[in-house]
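Notes for the one structure printed next.
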Ligand SMILES: *Cc1c(COP(=O)(O)O)cnc(C)c1O
């Protein structure tokens, strides 16, 4: 294929004629509009780089929505996918099975915290959350506790955007409009360290928030199926981070009050936080663990819900007992996606990924440190390979910019100009690069962000 100088323009125009993009006010792409956000057609990926139809390169600083781990078009994963495509692309997963699904389940059971011995597949993160919510409710129903119909979520949480997943999310941008359609969870205040009281350590904030959780459980445990949390980092809610001790305390509370603990590791799993899974930093095992995003190294949509043998057994009975778990997606256990996930996990086995990430995240921390003194930066925080910078109008009071200013969007537009993909969450500028990023590429990422921040906060 050849690309003329108008390659980008032509493809973008065709796109805008028929497509409707996620998480986008399409008017932002209006060439005559206020923002004039370009639609960027990507033709090729290579490591951390995305290459557009005009040949311009963009450093993918956010791993294409947190999915990519080992680089775009990773040759090893691509080869596994090509091989699988020539053997078996898909087969119904009820009554039939295949090696990639079986081997992946074995491997997931091996690498996740102890006790998670059963694997249920779905095909994206939100679907995994739906499965976990239904399974938890249905477990209690099968145990004779049909009165348990509610869920507890944390303020600032994000668990996806299908109706069930959105129900247990608390990011107003996504939830507010659809609230009339949703289940109503009980909200417990997040252990988010940024929202801690002044002088309080992250650990003290977490402990105080555990007291709030206890109070909520004292009141509502009898009608509650599960508590759902994002371990260590509330990602879409603004990369808000908290002390692992919260997870330890939550595990104990869930046991004490007989409610399930659902760990949504869709964003933080597979090495993002420094350990393979966030729960491991608190040495806890949840009752359900939801995985997606990095599961396939960013190649294909796939998700998995892991749970315990005890929960599985509450569904295991004669057909006539009517206890079977009923949830199915056409593409459940897709062989291509399972094979790609297996190859992704093989890379973790064969290469010192977590060790390398430790060095990269230490380097990223050093490069971001000077931003702490910036008059419009209220917080620079980091957990492993996730770092975030909180932009504010006033450092002392932490007063935010009016959202209508769209300061974060200015950082995004500046990044695009310089060939760096940063896509802030509101005014939170964050870094979540693929694990194959180099120190020099981190330099470019951070320098571009700092220049973008200077532009964004001016005027
Ligand atoms: C992205 C995300 C989801 C939803 O996954 P999708 O595949 O986008 O539906 C759920 N939970 C968390 C924590 C996420 O970051």
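The values are calculated or read from the model by the stated rules, or taken from the named source; none is laboratory data. Since we're looking at a predicted model, the values are computed, not measured. Note that each Cβ is placed from the backbone with ideal geometry, even for glycine, and that neighbours are counted across all protein chains shown.
Observations, loosely collected:
- Single condition residue 225 does not satisfy, out of (1) within 14 Å of the ligand (Cβ to nearest atom); (2) touching a residue at least 60 places away in the same chain (Cβ under 8 Å): (1)
- Candidates are the residues of segment 171-192 that are more than 13 Å from residue 155 (Cα to Cα) and touching a helix residue (DSSP H, G or I) at 6+ places or on another chain (Cβ under 7 Å); the one that is surrounded by the most Cβ atoms within 10 Å (Cβ to Cβ) is 174.
- Residue in segment 294-301 that is under 27 Å from residue 157 (Cα atoms), out of contact with any strand residue (DSSP E or B) (no Cβ under 7 Å at 6 or more places or on another chain), away from the ligand (no atom under 14 Å from the Cβ) and touching a residue at least 60 places away in the same chain (Cβ under 8 Å) present: yes
- Any hit, segment 433-444, residues being part of a helix (DSSP H, G or I), farther than 21 Å from residue 45 by Cα and free of Cβ contacts under 8 Å to residues at least 60 places away in the same chain: no
- Qualifying positions in segment 327-372 - free of Cβ contacts under 8 Å to residues at least 24 places away in the same chain and not in a helix (DSSP H, G or I): 330, 351, 352
Residue by residue, here is whether (1) surrounded by fewer than 22 Cβ atoms within 10 Å (Cβ to Cβ); (2) more than 30 Å from residue 450 (Cα to Cα) holds:
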position	(1), (2)
286	no, yes
291	no, yes
304	no, yes
320	yes, yes
323	yes, yes
337	no, yes
355	yes, no
367	yes, no
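- Answer residue from segment 119-133, given it is near the ligand (Cβ under 7 Å from one of its atoms) and more than 12 Å from residue 163 (Cα to Cα) and is surrounded by the most Cβ atoms within 10 Å (Cβ to Cβ) among those: 125
- Residue 324 passes every criterion in (1) under 30 Å from residue 192 (Cα atoms); (2) assigned by TED's automatic domain parsing to the domain that holds residue 100 apart from (1).
- The sole residue among 380, 411, 389 that is touching a residue at least 12 places away in the same chain (Cβ under 8 Å), more than 25 Å from residue 74 (Cβ to Cβ) and part of a helix (DSSP H, G or I) is 411.
- Filter result for residue 134 (more than 24 Å from residue 293 (Cα to Cα) and modelled with pLDDT of 95 or more): no
- Checked against the criterion of being out of contact with any strand residue (DSSP E or B) (no Cβ under 8 Å at 6 or more places or on another chain), modelled with pLDDT of 95 or more, over 15 Å from residue 372 (Cα atoms) and buried (at least 18 other Cβ atoms within 10 Å of the Cβ), segment 397-409 has at least one qualifying residue.
- When the helices (runs of 4 or more DSSP H) confined to segment 148-221 are screened for residues that are outside the structural domain of residue 123 (by TED's automatic domain parsing) and away from the ligand (no atom under 16 Å from the Cβ), none reaches at least 2 such residues.
- Taking residues in segment 253-270 that are under 14 Å from residue 302 (Cα atoms) and without any contact (Cβ under 8 Å) to a residue 60 or more places away in the chain, and partners anywhere that are part of a loop (DSSP other than H, G, I, E, B) and within 10 Å of the ligand (Cβ to nearest atom), the pairs with Cβ atoms closer than 7 Å and at least 6 places apart or on different chains are 265/231.
- Segment 222-245: number of residues that are surrounded by 24 or more Cβ atoms within 10 Å (Cβ to Cβ) and in a helix (DSSP H, G or I): 0
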